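Asks: Below you'll find the structure I mean.
Read-outs: derived from the displayed coordinates by stated rules, not from any lab. On a predicted model such as this, the values are computed, not experimentally measured, just so you know. Here the Cβ positions follow ideal geometry from the backbone for every residue, glycine too, while neighbour counts run over all protein chains shown.
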């Protein structure tokens with residue numbers, strides 16, 4: 001429950017400081033420190049890694065960091081939208097993985113080109129989001145359970161068309177014939193080309209998703225209503241909004257973005273690997289939750305999810321350069337997440353009732 | 001010697017002084033009413049006494065020993081027990097009444113690890129017998145009425161050997177009958193030597209039960225009144241100005257009604273009734289808790305359904321299936337319990353004063369979808385001025401406002417756009433006398449719409465309405481024109 005007290009007038013929010021009162025100045029300072037903590041840490045990491053390994057700071061490496069986190073950031077932004085409506089989409093990892101398979105299947109088995117395969121896969125993601133929403137809104141299945149079972153279903157479904165095989169050119173289908181299609185070179189550009197030879201296309205996609213979703217969630221009335229649904233669904237419905245439609249929108253956005261993430265992976269890898277996207281769900285959820293700590297918001301926010309993904313990416317890349325073994329990666333991610341949540345909920349709380 | 005003596009107690013929150021030198025005493029065996037407008041410092045005082053907050057300065061003496069509890073458990077151990085306004089938190093669904101009664105005991109150290117059903121029942125029975133209450137021990141906590149939950153909380157408090165019982169708005173969700181039952185119990189407990197600090201906005205309650213009234217204002221005790229308590233003087237002390245008569249100038253409604261119900265049945269087996277409301281009229285519906293007030297309003301607003309019958313708005317059939325359709329047709333509703341039905345949680349997008357007002361009107365105010373242009377800011381400033389809302393500005397977090405001001409914001413939400421019929425469900429819940437006066441004036445100043453108010457307090461109904469209807473067993477039983485008729489209707 002919220003702690004709304006009639007009479008214990010809470011101290012001014014937004015870190016207003018009263019002139020001449022050291023205590024309040026200090027309180028304001030520590031609030032500013034808290035809200036900027038992730039950025040300060042990020043800057044410290046960048047400086048520290050550059051000092052330890054000057055090659056860290058060259059533009060190629062920085063772009064490779066962004067390229068590595070692009071998919072997680074895109075999925076994290078999608079999860080953020082479902083968190084805003086008070087839900088949680090656990091199926092994104094499986095949607096991304098099965099989108100890799102769907103894209104590969106469409107091109108290699110059906111022989112479609114990029115301009116047919118991409119819309120098809122995005123539509124697949126949207127459809128999964130719609131089914132999730134149907135389960136949640138119509139059948140009243142709790143969000144976590146609905147999307148968890150969808151995750152299960154999809155990770156099984158993606159194995160069926162190829163009888164469990166990974167998809168690459170020359171795939172032998174279950175009926176014994178050999179697939180004749182191949183990856184469209186135009187499709188591979190999504191994962192492998194760079195704008196002006198510097199900015200990878202996937203980073204451009206991530207930026208577009210970030211900007212569009214940031215504006216949608218923070219600056220439009222639809223965004224206000226999405227958050228209102230998550231904040232107080234009864235109040236939102238009584239205010240005349242259709243919370244069912246808003247939830248459908250959130251899950252469709254989340255599903256579509258997950259399939260976009262899948263497209264980026266497929267275009268980078270160039271084959272449909274049955275085991276792709278294993279850690280995507282955890283990474284994307286971690287990015288969204290680390291985002292709670294960004295700017296001291298203590299709530300889902302798109303900017304935070306992107307920054308959270310980048311933060312983890314910088315940390316992993318730097319540690320790898322410093323020869324940290326690969327098997328420490330999950331531990332590092334977990335430690336960052338625990339730290340961010342402690343910052344969000346523990347230290348971020350005002351102790352004055 | 002008094003049981004409890006408080007000397008020059010003060011407490012600040014940042015720059016706000018919630019308590020600035022409050023001094024009072026409470027004797028054993030008396031019921032002391034604590035009155036005060038929202039923000040006067042009542043809650044802070046209670047929180048200090050119950051160990052939720054520490055005081056900055058001042059001393060408290062309980063039974064001639066210094067008293068400075070650091071946790072609610074320490075306060076309870078010293079004999080000071082607080083029963084809070086919302087009794088949902090006393091127990092949990094799935095626990096029986098007996099479990100709930102023993103919940104604090106389960107949490108104590110040194111209690112046996114294994115518990116038996118019969119042992120729990122025996123101990124719970126002993127607690128109820130000691131308090132003199134009759135409650136079903138095996139009933140699930142979730143199925144208890146608000147009044148019974150209150151009794152469970154009190155019984156549990158007494159089992160902890162309370163010497164000072166603090167009750168915060170105990171009748172807020174009780175019907176008149178239930179309140180009476182509670183008062184009888186409280187008098188009996190007082191006669192047994194218990195001291196009771198009774199906090200309430202309702203003068204009728206205090207009149208019925210208080211031996212003495214203390215009035216808080218600006219963080220100090222601004223006045224003390226002995227029985228017979230002069231409530232006009234007490235209220236004037238409380239709000240710091242003369243109390244103008246809020247008695248309305250009755251408007252006689254004429255012409256075709258703006259809203260009609262014909263042969264309406266709220267439940268399939270309830271008695272059908274008719275209802276007609278005219279533009280400019282303020283009509284109040286009163287009745288005990290669960291009589292069907294909220295069900296009636298919900299049906300008009302499209303949040304519920306009529307079992308049978310028809311509704312007409314401006315002569316056209318009115319059959320809203322969702323609140324959105326009702327709003328589009330010109331019906332607005334501020335539902336009961338503003339935290340549940342209207343407000344966003346703190347620190348969440350849309351939890352500012354301005355965003356609280358704009359929520360239903362976003363599509364109209366921002367047709368292009370982007371939240372630019374300051375329309376909600378402008379509307380909020382108008383509302384702040386018109387309803388005299390005390391807030392630092394349109395962007396003030398709604399949680400930082402007192403209950404009365406929050407309620408004004410909720411009213412402002414539905415007055416921001418014109419409506420034909422405004423429905424208000426318990427609009428005075430947790431609202432102090434001063435704010436209530438402002439809200440009544442605001443409601444009555446509008447003659448361009450009809451207003452239908454549901455309230456369980458006939459006094460409130462009489463204060464605000466031109467016409468009062470009584471609802472009982474999900475049917476309107478009579479149209480009354482005066483307070484006497486109302487009380488007869490309720491007690492029939």
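Asks: Against the longest alpha carbon principal axis of chain B, how many degrees, from 0 to 90 and to the nearest 10, is the axis of helix B:403-415 turned?
Replies: Helix B:403-415 sits at roughly 10 degrees to that axis.
Asks: Divide the volume of the convex hull of the Cα atoms of segment B:268-386 by its number of residues and quote the answer in cubic angstrom per residue.
Replies: Numbers: hull volume 18.8 nm³, N = 119.
Value for segment B:268-386: 158 Å³ per residue.
Asks: What is the distance in Å between the Cα centroid of segment B:1-77 and that of segment A:135-194?
Replies: Answer, in whole Å: 65.
Asks: Only Cα pairs under 8 Å and at least 6 apart count here; give the relative contact order of segment B:259-491 as a rounded whole percent. Intermediate values should be presented prior to the final figure.
Replies: Working: 451 pairs, mean separation 70.4, N = 233.
Computed value for segment B:259-491: 30 percent relative contact order.
Asks: Sticking with this structure for a sec: For the modelled label position 7 Å from the Cα of residue A:130 along Cα-to-Cβ, which residues of segment A:222-252 have backbone nitrogen atoms closer than 18 Å?
Replies: A:244-252, by backbone N distance to the label point.
Asks: Additional query: Hey, how many Å between the Cα centroid of segment B:370-432 and the Cα centroid of segment B:114-151?
Replies: Taking the Cα centre of segment B:114-151 as reference, the centre of segment B:370-432 is 42 Å away.
Asks: So what's segment B:259-491 giving for Cα Rg divided by 2.2 N^0.38 Å, two decimals?
Replies: This ratio for segment B:259-491 stands at 1.01.
Asks: Which whole-number percent is the relative contact order of chain A (Cα, under 8 Å, 6+ apart)?
Replies: Values: 552 pairs, mean separation 108.0, N = 353.
Contact order relative to length: 31 percent.
Asks: How far apart, in nm, are the 7 Å Cα→Cβ label points at residue B:116 and residue B:447?
Replies: It is 7.6 nm.
Asks: Among A:153-159, A:236-242, B:132-138, what's the highest-first ranking by average C-beta atoms within 10 angstrom per residue? It would help to have the intermediate numbers written out before the result.
Replies: On the way: A:153-159: 16.7, A:236-242: 23.9, B:132-138: 14.0.
Final packing ranking: A:236-242, A:153-159, B:132-138.
Asks: Contour minus end-to-end for residue A:215 and residue A:40, with contour as 0.36 nm per residue of separation and end-to-end as the Cα-Cα distance?
Replies: Values: separation 175, 0.36 × 175 = 63.00 nm, distance 2.45 nm.
Computed gain between residue A:215 and residue A:40 is 60.5 nm.
Asks: Another question, then. Please work out, to two decimal places, the log10 of the ratio I(q)/I(0) at q = 0.06 Å⁻¹ from a Debye calculation in which every Cα of chain B carries one identical scatterer.
Replies: Listed by q, the Debye log ratios stand at -0.30.
Asks: Please state the shape class of segment A:67-203: rounded when a/c is under 1.5, otherwise prolate if a/b exceeds b/c and oblate if not, all from the C-alpha gyration tensor. Intermediate values should be presented prior to the final figure.
Replies: Details: a/c = 2.54, a/b = 1.29, b/c = 1.97.
Oblate, because a/c is 1.5 or more while a/b does not exceed b/c.
Asks: Also: Give me B:356, B:100 ranked fewest to most by other Cβ atoms within 10 Å of their Cβ, as a rough exposure proxy. Present the calculation step by step, with values, prior to reporting the outcome.
Replies: Numbers: B:356 28, B:100 24.
Going from sparsest to densest Cβ surroundings: B:100, B:356.
Asks: Still on this structure, I have one more. Please compute the length gained on full extension between residue B:305 and residue B:143, using 0.36 nm multiplied by the number of residues separating them and subtracting their Cα-Cα distance. If you can, show how the numbers build up before the last one.
Replies: Details: separation 162, 0.36 × 162 = 58.32 nm, distance 2.36 nm.
That pair, residue B:305 and residue B:143, stretches by 56.0 nm at full extension.
Asks: Then there's this: Suppose R0 equals 30 Å; then what is the FRET efficiency for residue A:57 and residue A:113 from their Cβ-Cβ distance, rounded to the nearest 0.05?
Replies: Working: r = 39 Å, r/R0 = 1.32.
E between residue A:57 and residue A:113, to the nearest 0.05, is 0.15.
Asks: Using a 10 Å cut-off on Cβ to Cβ distances, tally the other chain neighbours for every residue of B:336-345 and report the average as a whole number. List each step's numbers first, then the result.
Replies: On the way: counts 0, 1, 2, 5, 4, 6, 6, 5, 9, 8.
Average neighbour count from other chains, rounded to a whole number: 5.
Asks: Here is a further query. How would you classify segment A:37-347 from its alpha-carbon gyration tensor, with a ≥ b ≥ c the square roots of the eigenvalues: rounded for a/c under 1.5, else prolate if a/b is greater than b/c, otherwise oblate?
Replies: Numbers: a/c = 1.81, a/b = 1.07, b/c = 1.69.
It comes out oblate by the Cα gyration axes.
Asks: Need one number: nm distance between label points at residue B:126 and residue B:382, each 7 Å from Cα along Cα→Cβ, rounded to one decimal.
Replies: 6.6 nm
Asks: A follow-up question, please. Within 10 Å of each Cβ in peptide B:356-362, how many partner chain Cβ atoms are there on average? Round it to a whole number, please. Walk me through the intermediate numbers first.
Replies: Values: counts 2, 0, 3, 11, 6, 3, 9.
What the average comes to for B:356-362 is 5.
Asks: What is the distance, in nm, between label points placed 7 Å from the Cα along the Cα-to-Cβ direction at residue A:342 and at residue A:196?
Replies: In this crude spin-label approximation the distance works out to 4.2 nm.
Asks: OK, next. Highest mean first, how do A:69-75, B:125-131, A:172-178, A:85-91 rank when packing is the count of other Cβ atoms within 10 Å averaged over residues?
Replies: Values: A:69-75: 29.4, B:125-131: 15.9, A:172-178: 9.9, A:85-91: 25.9.
Highest mean packing first, the order is A:69-75, A:85-91, B:125-131, A:172-178.
Asks: On full extension of the chain, what length is gained from residue A:139 through residue A:33, given 0.36 nm per residue of separation minus the C-alpha to C-alpha distance? Write out the running numbers ahead of the final one.
Replies: Values: separation 106, 0.36 × 106 = 38.16 nm, distance 4.46 nm.
Between residue A:139 and residue A:33, full extension yields 33.7 nm more.
Asks: Still on this model: Given N residues in the protein assembly as shown, what is its alpha carbon radius of gyration divided by 2.2 N^0.38 Å?
Replies: Values: Rg = 31.2 Å, N = 845, 2.2 N^0.38 = 28.5 Å.
Normalised Rg, Cα atoms only: 1.10.
Asks: What does the average come to when, for each residue of peptide B:398-411, you count the partner chain Cβ atoms lying within 10 Å of its Cβ? Walk me through the numbers before you get to the answer.
Replies: Details: counts 1, 6, 7, 3, 4, 4, 1, 1, 2, 0, 0, 0, 1, 0.
Counting other chains' Cβ atoms within 10 Å and averaging over B:398-411 gives 2.
Asks: What whole number of Å gives the distance from the Cα centroid of segment B:258-308 to the Cα centroid of segment B:443-477?
Replies: What the calculation gives is 12 Å, centre to centre.
Asks: Provide the FRET efficiency to the nearest 0.05 for the residue A:274-residue A:186 pair, computing r from the beta carbons and using R0 = 30 Å. Walk me through the numbers on the way to the answer.
Replies: On the way: r = 25 Å, r/R0 = 0.82.
Plugging the Cβ-Cβ distance into 1/(1 + (r/R0)^6) gives 0.75.
Asks: Before anything else, pin down the relative contact order of chain B: Cα pairs under 8 Å, at least 6 apart, normalised by residue count, whole percent. Before the final figure, lay out the partial values.
Replies: Values: 973 pairs, mean separation 77.1, N = 492.
Averaging sequence separation for qualifying contacts and normalising by length gives 16 percent for chain B.
Asks: First measure r as the distance between the Cβ atoms of residue B:57 and residue B:232, then evaluate 1/(1 + (r/R0)^6) with R0 = 41 Å and state the FRET efficiency to the nearest 0.05.
Replies: 0.75
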